[in-house]
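Structure, as structure tokens:
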Amino acid sequence: MSTVSFEELLSPLRRFRAVGRDTFEPVATSALPEPFRTLLVHEGDMTSRLEAFHQSEIHLEVLKLERDGGAYFREVLLRGSANAGSVEYGAIEIFLEHFEPALQRQILDGRVPLGGLLNASGLKYHSEPQAYFSVRHDTQLAQLLGVSTELEMYGRCNILRLECGKVLARIVEVLPVKHSMNKTANSVPIKTQYDVIVIGGGPAGATASALLSAKGRSVLLLEKEKFPRYHVGESLMPFCWFTLSKLGVLEEMERIAFTRKYSVQFVTPEGKKSQPFYFFQHLDHPAANTWQVERADFDLMLLENAKKAGVEVHERTRVERVLKNDAGTVVGVQAVDAEGNSFEAFAPITIDCSGREQVATLKEGWRVRDPKLNKIAVWTLYKNAKRDEGIDEGNTTVAYVPQRGWFWYIPLRGNIVSVGIVAERDYLFSGSKDPAEIMRREVENNAWIREYLAPSEQTGEYWVTGEYSYRSRACASDGLLLAGDAFAFLDPVFSSGVFLALKSGEMAAEAVDAALSQGIVSGSFFEEYGERLCESIENMRNLVYAFYDENFSFADMLRKYPEMRGKLTDCLIGDVDGKDYSELFARVAEFASLPEPLKHGRAPASLVTA
């Protein structure tokens with residue numbers, strides 16, 4: 001960026017109109033919303049960029065012109081087709097003496113935009129953006145561009161310079177906000193090269209892309225669905241707070257008013273309820289008060305936050321495959337938008353956050369199922385079910401059934417409760433595979449669940465999923481990194497799904513930014529990322545194995561080792577990154593059979609398939 005003051009950079013504009021106080025405000029690159037960031041942040045000419053975006057030939061209209069010694073000033077509008085209308089306002093200072101006579105005549109003729117003339121001439125020059133800005137409440141500019149004075153406009157100050165260093169032109173360019181410019185939400189990207197491509201707009205993808213964009217990286221996010229959409233996994237662990245804080249969405253969480261979750265409680269098959277485990281009794285921090293969320297609204301909030309951070313988001317766009325060069329390095333993706341348009345986009349690094357679909361690696365056979373966690377889940381929603389009172393109203397309840405199965409009971413807004421049963425396939429499907437029948441049967445197997453659902457009515461669909469516990473064989477390949485469920489999913493019992501998605505998205509952003517800063521795209525660069533993430537998952541995995549062990553009881557373990565309550569609670573609330581829980585698990589191992597740590601997932605591997 002320029003060392004010249006912003007006021008000086010606006011000098012071509014001041015030749016033609018007054019610049020009111022607080023009307024033009026400098027903004028950081030990361031603060032530019034899409035599509036303006038893509039349209040403005042580049043080192044090319046604006047004419048060709050606008051033609052590609054609006055899919056229209058751009059025409060020049062000269063409003064005013066002045067001569068001052070060797071400088072030629074003009075005020076212009078760039079116009080597209082009838083649908084596009086006015087697409088740019090420009091104030092330009094052109095140094096004619098640095099152009100050949102033929103080009104000088106064409107410039108003075110005023111029929112073709114300067115960028116178009118330069119490109120057609122083959123003249124070698126550099127475009128050097130100096131500053132970016134927003135424009136508010138400029139009535140005259142808004143009228144010229146045909147937009148409301150209440151809407152922000154965005155622009156840049158740019159210099160065109162010959163290779164020898166001589167300045168060809170100083171330009172102030174302003175782009176209007178128009179409804180038609182929202183088309184980037186669902187259409188083919190308006191450029192092909194990015195710093196990072198993110199596959200999937202769920203919590204992992206939205207987190208990684210927003211944090212990378214905030215670091216100044218150009219990010220393309222491709223999401224196959226149109227948000228909002230339903231997704232299971234409504235309960236947040238307390239340590240989700242830290243990533244949500246880094247994303248800057250805590251205030252929006254409060255505005256949406258998701259159900260507050262202060263504790264977790266456990267219920268025996270006979271209906272005997274434990275004392276709630278209140279997070280605030282262990283953790284004196286705002287994170288102790290977490291949430292139950294409708295994922296449709298929560299995930300939409302995160303995706304919108306990514307857009308505000310400057311991420312170029314395309315929904316209803318399915319990635320068909322990753323693209324590799326001759327060396328096997330991932331260099332981009334091939335995708336299809338909602339209208340069936342196929343396109344390719346390229347980036348030094350692609351992050352696969354596509355969830356269980358695992359777009360980049362499923363065909364590679366990278367998904368490795370957990371050797372023992374082979375559970376099935378059946379769930380649905382109930383309206384007007386019973387709730388506890390006071391701060392216990394939003395409790396997560398884990399209610400046991402025989403055969404080491406269990407219910408989740410998660411209160412949501414609108415008097416809705418999410419209820420699911422998790423158990424072994426042979427147990428759940430004994431007698432019937434109809435999910436409604438299975439749910440009705442299992443409700444009778446826990447007295448507390450039966451009581452709390454008695455006044456309710458089931459609403460919406462029944463859902464079934466199975467074989468959901470897995471980890472990818474590798475965390476990365478050259479040019480590729482995995483995060484969220486595209487890397488691993490453990491088990492729903494301790495609500496680790498969203499937490500690990502948010503945390504891995506945050507970690508992926510840190511790792512990818514470091515890789516780009518050092519110019520490294522090899523998979524080996526991400527070994528530390530894989531080790532950290534796997535260690536966090538192993539900490540949770542030990543507790544999941546203990547939970548399902550028929551000989552284990554948290555109460556029994558804590559009666560013998562009460563000093564372990566703090567470490568156990570730390571692990572359960574998500575404080576698992578970089579923490580040593582060997583002492584805790586040595587105590588747990590006296591009561592339960594714990595697994596050997598999985599060796600896969602920690603290191604990178606090569607992609608084999610085309």
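The values are calculated or read from the model by the stated rules, or taken from the named source; none is laboratory data. Just so it is clear, the model here is predicted, and its values are computed rather than measured. When we count neighbours, we look across all protein chains shown, and the Cβ atoms used for this are built from the backbone with ideal geometry, even at glycine. The accessibility values were calculated without ligands, DNA or RNA, using every heavy atom of the protein model including side chains. Shrake-Rupley method; radii C 1.70, N 1.55, O 1.52, S 1.80 Å.
In table form, for the structure just shown:
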read-out: Test: residue in region 261-270 that is basic (Lys, Arg), modelled with pLDDT of 95 or more and either open to solvent by less than 30 Å² (accessible area, probe 1.4 Å) or within 19 Å of the chain's Cα centre (by Cα) (or both); value: yes
read-out: Residue pairs meeting the criteria (Cβ under 9 Å; at least 6 apart or on separate chains; first at positive phi, in region 391-415; second in a strand (DSSP E or B) and aliphatic (A, V, I, L, M)); value: Gln403/Ala423; Arg404/Ala423
read-out: Of residues in region 150-170 being free of Cβ contacts under 8 Å to residues at least 60 places away in the same chain and of a type in the set (D, E, K, R), the one farthest from Ser134 (Cα to Cα); value: Glu163
read-out: Tally of residues being surrounded by 23 or more Cβ atoms within 10 Å (Cβ to Cβ) and part of a strand (DSSP E or B) across region 349-371; value: 4
read-out: Selection status of Val319, within 17 Å of the chain's Cα centre (by Cα), part of a strand (DSSP E or B) and at pLDDT below 95; value: no
read-out: Any pair with Cβ under 8 angstrom, 6 or more apart, that starts in region 276-287 at a residue that is over 10 Å from Ile573 (Cα atoms) and open to solvent by less than 60 Å² (accessible area, probe 1.4 Å) and ends at one that is in a loop (DSSP other than H, G, I, E, B) and not β-branched (Val, Ile, Thr); value: Pro276/Tyr262; Pro276/Asn395; Tyr278/Tyr262
read-out: Number of positions in region 107-130 that are assigned to a helix (DSSP H, G or I) and crowded, with 18+ Cβ neighbours inside 10 Å; value: 6
read-out: Where a residue in region 449-469 is in contact (Cβ under 8 Å) with a residue 24 or more places away in the chain and its partner, wherever it lies, is surrounded by 17 or more Cβ atoms within 10 Å (Cβ to Cβ) and of a type in the set (S, T, N, Q), with Cβ under 6 Å and at least six apart; value: Gln458/Thr380; Tyr462/Thr380
read-out: Within region 15-51, considering residues that are of a type in the set (Val, Ile, Thr) and not in a loop (DSSP other than H, G, I, E, B), the one surrounded by the most Cβ atoms within 10 Å (Cβ to Cβ); value: Thr47
read-out: Out of Phe133, Phe95, sole residue that is open to solvent by less than 20 Å² (accessible area, probe 1.4 Å), under 22 Å from Ser5 (Cβ atoms) and touching a Gly at 6+ places or on another chain (Cβ under 9 Å); value: Phe133
read-out: Any chance Leu63 is more than 33 Å from the chain's Cα centre (by Cα) and either of a type outside the set (S, T, N, Q) or in a loop (DSSP other than H, G, I, E, B) (or both); value: yes
read-out: Where Gln518 falls short, out of the listed (1) at pLDDT 95 or above; (2) closer than 30 Å to Ala214 by Cβ; (3) surrounded by 15 or more Cβ atoms within 10 Å (Cβ to Cβ); value: (3)
read-out: Flag for Gly497 being open to solvent by 10 Å² or more (accessible area, probe 1.4 Å), among the small types (Gly, Ala, Ser) and within 22 Å of Leu300 (Cβ to Cβ); value: yes
read-out: Residue satisfying all of: in region 239-260; among the hydroxyl-bearing types (Ser, Thr, Tyr) and within 20 Å of the chain's Cα centre (by Cα); surrounded by the most Cβ atoms within 10 Å (Cβ to Cβ) among these; value: Thr243
read-out: Number of the condition not met by Ala605 [criteria: (1) at pLDDT 95 or above; (2) more than 30 Å from Gln281 (Cβ to Cβ)]; value: (1)
read-out: Subset of region 359-418 (residues that are within 30 Å of Asn551 (Cβ to Cβ) and among the aromatic types (Phe, Trp, Tyr)); value: Trp379, Tyr400, Trp406, Phe407, Trp408, Tyr409
read-out: Test: residue in region 384-392 that is in a strand (DSSP E or B) and either within 24 Å of Arg441 (Cα to Cα) or out of contact with any Cys (no Cβ under 7 Å at 6 or more places or on another chain) (or both); value: no
read-out: Segments classed as helices (runs of 4 or more DSSP H), wholly inside region 515-610, with at least 2 members that are under 30 Å from Thr329 (Cα atoms); value: 527-548
read-out: Conditions (1) within 25 Å of Arg15 (Cβ to Cβ); (2) open to solvent by 50 Å² or more (accessible area, probe 1.4 Å); (3) without any contact (Cβ under 8 Å) to a residue 40 or more places away in the chain: number failed by Gly70; value: (2)
read-out: In region 320-345, the residues that are surrounded by fewer than 16 Cβ atoms within 10 Å (Cβ to Cβ), touching a Phe, Trp or Tyr at 6+ places or on another chain (Cβ under 9 Å) and either among the charged types (D, E, K, R) or closer than 22 Å to Asp513 by Cα (or both); value: none
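Quick grid of which residues meet (1) within 14 Å of the chain's Cα centre (by Cα); (2) farther than 17 Å from Gly484 by Cα:
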site: Val196; (1), (2): yes, no
site: Ala206; (1), (2): yes, no
site: Ser218; (1), (2): yes, yes
site: Leu221; (1), (2): yes, no
site: Met237; (1), (2): no, no
